[in-house]
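What follows is a short report on a single structure.
The numbers here are math on the coordinates, done by the rules we state, and not lab data. Computed from a predicted structure; not experimentally measured. Neighbour counts run over all protein chains shown; Cβ positions are idealised from the backbone, glycine included.
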Amino acid sequence: MSGVGGVLLATLGVLGALRLRAAPEPTSAPPPAPARVEAPAAQAPSAGFLGVIISEEALDLAPSIEGRLEEVRVQVGDHVRRGEVLATLEMRALQQERAMAEAELQSARAELRIAELALAEAEDRLRRREDPKQLSVGALSQEELIRAQYEQRMAAAKHEGARARVTEREARVVQLQQRLAESSLRAPFDGLVASRALNPGALVRPGQAVLHLLREGPQQVRFAVPQEEASAVRVELPVRVRVQEGGAVLSGRVSHVAPEVDVASRMVFAMARLETADPSHPLPTGTVARVEVSSDATPDGNGMMSKRKSDEH
């Protein structure tokens, strides 16, 4: 039995060796194929640069003095003419102050007239005292001559003081008149009332806006150009402006291009004056529009562009 057991063990050992030899040797897995990086598809040019319609000039009409608003004579949308009074401040106290200043001026002028007469009399008396004939015959003493000279100098000093008071009173009256003139807010140009901030009865501080005015005339569009496309926008290039609401299409020309890039938005801001807008029916300020700038280098079917051809590839 021990011989049979040895043969069986030997047979099993041979069979195991044959099985191991017949098994295929393990091979390393092939490396994965490198992923193909797809190039981003070229984006189609945008439909122009985003912009807003603005007025040629706009300002806040505000007083330079403090007071209570007495009257506002216009409403939003009204047409105004240059020099027209649009609002007034209540200035009754100031008017009374001016009346008092004018009365003081009249009094000072009267005192000046009296001083002029006194000076003329003193100078005439001194001339008589200084007459060589009277001195030669001893008609007056040296003390009388000195007294006449003193009176002339005193009269001259009083005259100068009276004249200074008149100048001071005149300046005061002019100052009050100027303040009264500033109590009336006048239109600085022909235009439209865009907004009204205060109503009569409100206390107004210096510089506080009462009305917002827009100048009448050709409108403009302010638009933003990406930094990489700014070189394609130059002064005097024609533009086409498409208003998003209503579909109006206007033409114009670039009037200004900012010399620097806005740090926050990385945009260059430009302005174009509109040449086909109707001044009598202006577009509302702040209307959103798309601005297409013309370029001789890359015209499209209409001779307009929104991106340089070199930027599209």
| task | Compute the FRET efficiency between ARG73 and GLN106 as 1/(1 + (r/R0)^6), taking r as their Cβ-Cβ distance and R0 = 30 Å, and round to the nearest 0.05. | result | 0.30
| As computed over the range 93-182, the Cα convex hull volume per residue (Å³) | 68 Å³
| request: Along Cα→Cβ, 7 Å out, is where each label goes; now give me the distance between the ones at GLN142 and ALA157 in nm to one decimal. | output: 2.4 nm
| message | Whole-Hz ³J(HN,Hα) for each residue in the range 52-59, computed from phi via Karplus 6.51 cos²θ - 1.76 cosθ + 1.60 with θ = phi - 60°, x for glycine and proline: what do you get? | response | 9, 7, 10, 7, 4, 8, 9, 8
